[in-house]
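Single-structure report; data block below.
Where a number appears in this text, it was derived from the coordinates with a stated rule and is not lab data. The shown structure was predicted, so the numbers you read here are calculated from the model rather than taken from an experiment. Glycine gets a Cβ as well: all are built from the backbone with ideal geometry, and neighbour counts include every protein chain shown.
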Amino acid sequence: MAIKITDDCINCGACEPECPNNAIYEAGVEWAIADGTTIKGSYLLKNGTTVNVDDQQTPISSDTYYIVPDKCTECQGFHEEPQCASVCPVDCCVSDESYTETVEQLLAKKELLHA
């Protein structure tokens, strides 16, 4: 399961530098799969769209920081717990029920992003 940032976010930015996958972005900022990863070429997003990893994508939120589910591995393979949740002062980094993934799937995503 990916992590999401709820509307309770106070936009403090504490979570962003903690993400090993660079999956967290400031409100309104475009994102790319290649940001903070070593992946090259194309990538199949969870919505079924194939994108070039360098292509800028539409921001997921224009109001608060957000996490790109296609890049979130819940810190599997890096840390014992999601770092965004551990540093969030208002506990707004929570499991995203829309993206259910096993530990094995999260580790495979990590390996793909950081080959």
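Summary of computed values
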read-out	value
Cα→Cβ-extended label distance, 7 Å offset, between T6 and A108, nm	3.1
³J(HN,Hα) computed for each position of the stretch 46-59 - Karplus, 6.51 cos²θ - 1.76 cosθ + 1.60, integer Hz, glycine/proline x	4, 7, x, 8, 9, 10, 6, 4, 8, 5, 6, 10, 4, x
Mean Cβ neighbour count within 10 Å, used as a protection proxy, ranking 35-45, 21-31, 83-93 highest first	21-31, 83-93, 35-45
Formal net charge of residues neighbouring V87 (Cβ-Cβ distance under 11 Å; K, R +1; D, E -1)	-4
Mean ellipticity per residue at 222 nm, deg cm²/dmol - from DSSP H runs of n ≥ 4 across the chain, formula -39500 (n - 2.57)	-3500 deg cm²/dmol
Debye intensity ratio in log₁₀ form over the Cα atoms of the chain, taken at each q of 0.16, 0.17, 0.23 Å⁻¹	-0.68, -0.78, -1.46
Which of V68, V94 has the fewest Cβ neighbours within 10 Å, and the rest in rising order	V94, V68
For the stretch 11-19, 3J(HN,Hα) per residue [Karplus equation, 6.51 cos²θ - 1.76 cosθ + 1.60, θ = phi - 60°, Hz, x = Gly/Pro]	6, 7, x, 4, 6, 3, x, 7, 6
Karplus 3J(HN,Hα) series, Hz, for the stretch 61-77 with 6.51 cos²θ - 1.76 cosθ + 1.60 (x for Gly, Pro)	9, 10, 10, 9, 3, 9, 10, 7, x, 5, 10, 6, 10, 6, 6, 4, x
Cβ-placed point charges (K, R +1; D, E -1), dipole of the chain about Cα centre in debye, nearest 20	380
Nonlocal amide H pairs with Y65, under 5 Å, H built at 1.01 Å	N11, A27
